[in-house]
Each structure stands twice: as C-alpha cells, then as structure tokens.
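To start, the structure under review is shown below, and the notes come after it.
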Amino acid sequence: MKLPDNAQAQCEQLLKQFRRQIPDDVVYKDRLIEEIEIILGLRFTEYFLQIREILDMTNDLPHMTRGSAGSSLVCWALGITDVDPIKWDIPLSRFLNPHRDDLPDIDIDYPHWAQSIVMDRIFKRWPGKSARISNYVTFKEKSAKREAARRLGATGRLPRNFKYDDLDIDIGEAIRIEKKLLGKKRAISKHCGGILVFKHNLPKSLINADNQILLDKHEVEDLEHLKVDVLANRGLSQLYEIEPNMGLEDYPDYDEDTIRLLCKGDVLGVTQGESPAMRRLFRAIQPKSRSDCVFATALIRPVATTGRQKASFFHDWTEKRLEESIVYEDDAIKKISKLIGCDIYEADMYRRAFAKKNEEKVYEFMHRMGTHPNKGEIVDELYQLGNFGLCRAHAVNLGRLIWALAYQKAHNPKAFWAACLKHCEGSYRRWVYKCEAKRAGWDLRDLGYNYSLLNDPIYEYRKYGWWGDA
C-alpha cells in the first residue's frame, strides 16, 4: 500500500492526539503499526482527527462510541472508543479493510436530549462546511399502488387492501403508473444522525434551511465522503440520569447482585435488554459476568442466528458450543482465515460475499477449501451471515450498557425507576413501567412523577396508555 508523501507528519499528528498509552507489549505494538499503515494508506488521518475534535467539543456530554470502531486500536488510543480490541480479541478487518470499496464510519451515541446540542456545535464549528445527510423515501408496492390511484382521480380514504377493480379508474393505466413509480423517490427525510464535514463551503443549492444536504448515504459513499453518525440513545439517557459519574468501563466485570437479577430475567426497564426474548435468554444461559451480557446481545440484537439455531442455544448452552459457533461476524472472519490460510482482510471479503450472496466469490472460497470433510456444513453455516450483521465491538458496547443498567437496578433501585419512568421508551407501554415500579414498592411521587398534570383520564390514556391514581 502506497503511503502519502507526508506520511510521517500525519503519523505524528495521530500520535500527538493519543489519549491512552499503548501497553509495552509486542501484540499491541504490531497491531498499532499495522493500523497506522492502513489509515495512512487509505488517507483517513484527517477523519480520525476530526472525530477526536468532535469529542473534545462535547466532552461535557456523556457518549458511547459503538459499531465496528471498537475494532480499532487507534480508535482506542485516541479515546474515540473505550473498547480495547486486543483485550476483547477483535480483528481490525471489520472496521478497516484495504480491499473494501465501502468506507468506514464511526457511530457516536449521546443521550437523546444531547443529540441536537452536538449537531449545533458541529455546525457552528464548521459553518457552511457541515450538514446533516438525507434519507430518500422511495415508492414501495403499496405506496405506488395508492399513488397511482390518486393520480387517476381516486378520492377519499382508500382501504388498506383496496383493488383497482373497486375504483372508477383505468386499470391498465393504473398498473402502468404503479410499475413506473416502484423504486422512485417519494420524499426526502433527515438521516437519523449522519453528519458530513467538508473541506470547502457547500453549494447553497444542496443545503436546505435546516442545514440538511440533499444527498443520501449511498450518494455520500459514491462521492467518497466519510461521515460520522451522531445518534440518540435512550439507554444512555437513563443510565446517566441514575449515575452521571460512572462510564461503561467503570462497572465491574462481576457482581453477584447483578448476576442474580439477570439470571431471574428481572430486566424490565433495562433499555435494550428487556425484550421477552432477552428475558428468556438470560434465564436460559444464567449469565455469570459482563461478557455473558455481551454474548446475549449478539444473539438477540439483532437476530444473530436463525430461529432454530437460536432455540438450540436456549436448550444447549455450553462454553464449548459457544466456541464452535459463529455468533459474531468476527467469528466468521477468523474461521474463514483458518480454513483457507488467508489474512483477516481477505477473509472479511469472503464473509461479505456470504452475507450478500455473492455466488461467484462464494464459489471461489469453496474451491480454495478443497476437499474439506465438513465443507457442506461450513458453507451452510456461513450462508447464515445474511441473517444478521453484528460485530463483536458493537455487541461489547450494547452488552456493557445492559450490564450497567442491570447493575443500577440491583444496587440503586429508586434512582433506576425514577430514570426509567422519565426516559424509558422500550418494549412496553408506559403503564407497564409504572405498574412495575409500584409493584417494586415505590410511591411514584417519591420517584419525581408529576401527577398534577394528569387530571384528565382520557388524555392520560391517549398519551401514556394508562390512567389512575398514584
């Protein structure tokens, strides 16, 4: 990989911004050299420094960097993420890969109330050069059918599953319009948090009044612009409402009270860890540490295996089974690398081929496997990669957040329920959390719940899903 002419200066810029000292260990040093060479070769130095600058601008706000950025030792050293990829055994290729055409991006979660604050600071720091990207909403089958009927004169409310035969319109023309609309742009909305920062001022024709650029993420990638996702996370809002002075890395790896709570599945109110599937899984695997929380996150959020495979974990949970299974995308990378003797970057390309059903690349992998005795079984397992997309670094952060909230529920229940009633927008209606807090023995007035606003039962029911007394 060819390095830029000013590679040494860029390397010094990166090292100068390091917030953590690299351990005096050959594994860390070799990994650092490998990563810096790739970053310099791909011309990403400025992007990493820009992310560090954004975090410096918002160091008064809690945050959590999630996604594959936790695969990078440079991100850890820069303080962009607090996930040590060596400690967690995470390969770099899921985040940075010189063979890939798509660009990496870094996702930073802030409490939901802080997202707009962060964006405003970015726009003020880079006026005229920064903007929020767009989402293009396209016509799907139902919306195209409805639009075709409207264009041909259909008025009033159209039933959900209406037929052209029921309307006084030209059916052939309606079908023609519908087919023409499919996949076309229907509307433009804001991306949930994608931000671009350019070197030069943006053309005013591309920016609307809300500082939104009329490009979607695919167009941004085609133009080879790197973006940062400034995202809102209700779980962080809840956690830092309870305990603002502890980061995710400050919680212990083992805690008997937290383990007991998780093993009972007593996780209602634990944002991102309270779904019925998570509750059943915790009761099934009987987690013994924070690492088990990370595994549970990978298995359930998102669906990391098919239903049948997931069920087998419920009934046959052993450490040996975990070691033999592909739970994370990183597991697949390591398995492919070992099977055909390639490096992790090439292995990641084969992983992507299985996930995206690239038959030509899959056939190439099968050819390189030769006459492996379990060839069919391995290929079938790798094809399941299309059913999920979770790397270990992403699971580590979500799992640690679940663990931290469970820890607070076990040790600080009053503050936990007060924060839950204020912030939780989880798997259940608001009245469920209210009733659960009361069942735990709390008077909701003691939790700061304001009943003076709730004097209209109909309003209460429409807004909160319940009505009634304290």
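The values are calculated or read from the model by the stated rules, or taken from the named source; none is laboratory data. What you see is a predicted model; the values in this text were computed from it and never measured. We place every Cβ from the backbone using ideal geometry, glycine too, and count neighbours over all the protein chains shown. Remember, those area values only see protein heavy atoms, side chains included, never the ligands or the DNA or RNA. Shrake-Rupley method; radii C 1.70, N 1.55, O 1.52, S 1.80 Å.
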Suppose every K and R has +1 on its Cβ and every D and E has -1 on its Cβ; what is the size of the dipole of region 1-107 about the Cα centre, in Debye to the nearest 20? 60 debye
Among DSSP beta bridges lying fully in the chain, give the percent that are antiparallel, nearest 5. 65 percent
Neighbourhood charge, 12 Å Cβ-Cβ cut-off, centred on residue 45 and excluding it, Lys, Arg +1 and Asp, Glu -1: -1
In whole Å, what is the distance between the alpha-carbon centres of region 201-234 and region 54-78? 20 Å
Return the Rg/Rh ratio of the chain with Cα-based radii and a Kirkwood Rh. 1.00
Enter the Cα centre distance for the pair region 144-175 and region 322-377, rounded to the nearest angstrom. 48 Å
So how strong a dipole does region 223-270 carry about its Cα centre when Lys and Arg Cβ are +1 and Asp and Glu Cβ are -1, to the nearest 20 debye? 280 debye
Neighbour net charge for residue 447 - beta-carbon separation under 9 angstrom, K R +1, D E -1: +1
Would you please name the GluC sites (Glu not before Pro) within region 220-296 that are DSSP coil residues with at most 11 other C-beta atoms within 10 Å of their C-beta? 224
Just to confirm the filter: which trypsin sites (Lys or Arg not before Pro) across region 27-74 are DSSP coil and have at most 14 other Cβ within 10 angstrom of their Cβ? 43
Based on the mean of other beta carbon atoms within 10 Å per residue, what is the order of 413-423, 282-292, 117-127, most packed first? 413-423, 282-292, 117-127
Difference of contour (0.36 nm per residue) and Cα-Cα distance, residue 263 to residue 210: 14.4 nm
Leaving out ligands, DNA and RNA, what percent of the accessible area of region 209-249 is carbon and sulfur, probe 1.4 Å? 41 percent
Might you tell me the accessible area per residue for the chain, computed with a 1.4 Å probe and given in Å²? 51 Å²
Count neighbours as other Cβ atoms within 10 Å of each site's Cβ, and list the trypsin sites (Lys or Arg not before Pro) in region 152-192 that are DSSP loop with at most 15 such neighbours. 157, 160, 163, 184
Sorting 192, 424, 263 by accessible area (1.4 Å probe), largest first, what list results? 192, 263, 424
Compare 54, 458 by solvent-accessible area with a 1.4 Å probe and give them largest first, with all protein chains kept in place. 458, 54
If you split all Cα-Cα distances of region 65-112 into 5 Å bins from zero, what percentages do you get per bin, shortest first? 5, 24, 28, 23, 13, 5, 1, 0
Sequence of 110, 407, 345, 254 from largest to smallest accessible area, 1.4 Å probe: 254, 407, 345, 110
From a point 7 Å beyond the Cα of residue 361 in the direction of its Cβ, which residues of region 63-103 have a backbone N at a distance under 20 Å? 68-69, 71, 91-103
